[in-house]
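Report on one structure; see the data block that follows.
The values are calculated or read from the model by the stated rules, or taken from the named source; none is laboratory data. The shown structure was predicted, so the numbers you read here are calculated from the model rather than taken from an experiment. When we count neighbours, we look across all protein chains shown, and the Cβ atoms used for this are built from the backbone with ideal geometry, even at glycine.
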Amino acid sequence: MELYAPILVLAVLAAGFAVFSVTIAPFTGPRRWNRAKLDAYECGIEPTPQPVGGGRFPLKYMITAMLFIVFDIEIIFLYPWAVAFDQLGMFGLVEMVLFIVTVLVAYAYVWRRKGLDWD
């Protein structure tokens, strides 16, 4: 149990900070609401009118989000390899080269299909 004590202490501190932050925010934040603060904010430009039911988002936003998640998760697999690089030897190097090649092939495919273009 001694080995897990620092992890538990960190978890309790993180949970305590989260609860404290959410609890204290309404009391310390500004209370001067106006129409501009209640409006939707779209990166500094005037918000586009949306239908009452919500409307549809363009598909390019969701595709970009999915691509980010896929490539992000694939790149996370590099960390365990980097930590255990000495123990894996040539086998680990070959496997990682194959993995990186598959990631680059997927990236080239997305790039060629213009999945990264916003227009």
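Report yes if some residue within the stretch 25-43 is under 30 Å from residue 113 (Cβ atoms), of a type outside the set (S, T, N, Q) and either surrounded by fewer than 10 Cβ atoms within 10 Å (Cβ to Cβ) or modelled with pLDDT of 85 or more (or both); otherwise report no. Checking the stretch 25-43: at least one residue is under 30 Å from residue 113 (Cβ atoms), of a type outside the set (S, T, N, Q) and either surrounded by fewer than 10 Cβ atoms within 10 Å (Cβ to Cβ) or modelled with pLDDT of 85 or more (or both).
State whether one or more residues within the stretch 108-119 are free of Cβ contacts under 8 Å to residues at least 24 places away in the same chain, loosely packed, with under 10 Cβ neighbours inside 10 Å and hydrophobic (A, V, I, L, M, F, W, C). Within the stretch 108-119 (the criterion being free of Cβ contacts under 8 Å to residues at least 24 places away in the same chain, loosely packed, with under 10 Cβ neighbours inside 10 Å and hydrophobic (A, V, I, L, M, F, W, C)), the answer is no, since none of the residues qualifies.
Scanning the stretch 62-107 for residues that are within 22 Å of the chain's Cα centre (by Cα), among the acidic types (Asp, Glu) and loosely packed, with under 10 Cβ neighbours inside 10 Å gives a single hit, 72.
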